[in-house]
Amino acid sequence: DTAVSQTPKYLVTQMGNDKSIKCEQNLGHDTMYWYKQDSKKFLKIMFSYNNKELIINETVPNRFSPKSPDKAHLNLHINSLELGDSAVYFCASSPIAGNTGELFFGEGSRLTVL
Amino acid sequence: EDKVVQSPLSLVVHEGDTVTLNCSYEVTNFRSLLWYKQEKKAPTFLFMLTSSGIEKKSGRLSSILDRKELSSILNITATQTGDSAIYLCAVLYSGNTPLVFGKGTRLSVIA
């Protein structure tokens, strides 16, 4: 009964391709996030969604688009992949936006762009 | 300019040593500070601190916040090889902003 699950865990693809990473949480949380962790292990926020509304959109390229069909899912779609997109992408959730601060993370999706 | 700064960036110690990891942050709209441990996969929650001077403790790990100095420390006593990980400090600011993470401290404990 994984609380926050991501698929796929590993993704290897060519430059220029379009790919998606899916995330689901069964915790009943209101807010979900996507973080990018680079090779130096720096975790940086990309997006957060609260009740299907985008509430934070950091300065990420518009090739990245979050899609939330419902409160329990937040998928990440990436167009025209570039080498610099290679990273581990973490999905996370929290009970209420900005309330406790504690995040529950998925296990990460390692994206490698060749 | 980084809002959350951790030091050292990496540290190698021997089993049994005591280590202290540092985290400093910007004060504007500060709400709480959190520590996470990341081994091979996802970060796992350790502590959340909101008030100065109140130590949080879990086994050999403890942490305290100093709001006057805008910093926090994470102590690990009698380190074990299983403590080897990246320790991440994160700060929650007011409003609808998500956690802001520092760059982490990579701790390696050798036998």
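The values are calculated or read from the model by the stated rules, or taken from the named source; none is laboratory data. Computed from a predicted model, the values in this text were never measured in an experiment. Positions of Cβ are generated from backbone atoms using ideal geometry, with glycine treated the same way; all protein chains shown enter the neighbour counts.
Okay, here's what the table says:
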{"read-out": "Answer residue from the stretch B:1-53, given it is among the small types (Gly, Ala, Ser) and more than 23 Å from B:Lys68 (Cα to Cα) and is nearest to the chain's Cα centre (by Cα) among those", "value": "B:Ser10"}
{"read-out": "Residues that are of a type in the set (Gly, Ala, Ser) and in contact with a Leu (Cβ under 7 Å, 6 or more places away or on another chain), drawn from the stretch B:64-84", "value": "B:Ser72, B:Ser84"}
{"read-out": "Strands (runs of 3 or more DSSP E) contained entirely in the stretch A:10-114, each with at least 1 residues that are among the acidic types (Asp, Glu) and without any contact (Cβ under 8 Å) to a residue 24 or more places away in the chain", "value": "A:53-57"}
{"read-out": "Meets criteria (under 25 Å from A:Tyr49 (Cα atoms) and of a type in the set (Ser, Thr, Tyr)) for B:Tyr93", "value": "yes"}
{"read-out": "Selection from the stretch A:31-57 of residues that are surrounded by fewer than 16 Cβ atoms within 10 Å (Cβ to Cβ) and in contact with a Pro (Cβ under 9 Å, 6 or more places away or on another chain)", "value": "A:Lys52, A:Leu54, A:Asn57"}
{"read-out": "The stretch B:63-91, residues that are surrounded by fewer than 16 Cβ atoms within 10 Å (Cβ to Cβ), farther than 19 Å from B:Leu9 by Cα and under 11 Å from the mean Cα position of the chain (by Cα)", "value": "none"}
{"read-out": "Tally, over the stretch B:70-111, of residues that are within 14 Å of chain A (Cβ to nearest Cβ) and either under 30 Å from A:Asn57 (Cα atoms) or in a strand (DSSP E or B) (or both)", "value": "25"}
{"read-out": "Residue among B:Arg31, B:Arg60, B:Arg67 that alone is of a type outside the set (Gly, Ala, Ser), more than 27 Å from A:Ser109 (Cβ to Cβ) and at the interface with another protein chain (Cβ under 10 Å from one of its Cβ atoms)", "value": "B:Arg31"}
{"read-out": "Flag for B:Glu15 being in contact with a strand residue (DSSP E or B) (Cβ under 8 Å, 6 or more places away or on another chain), in contact (Cβ under 8 Å) with a residue 60 or more places away in the chain and more than 30 Å from A:Lys9 (Cα to Cα)", "value": "yes"}
{"read-out": "Any hit, the stretch B:54-62, residues being touching a residue at least 12 places away in the same chain (Cβ under 8 Å) and at positive phi", "value": "no"}
{"read-out": "Of residues in the stretch A:90-114 being surrounded by fewer than 19 Cβ atoms within 10 Å (Cβ to Cβ) and closer than 20 Å to B:Lys40 by Cα, the one modelled with the lowest pLDDT", "value": "A:Glu102"}
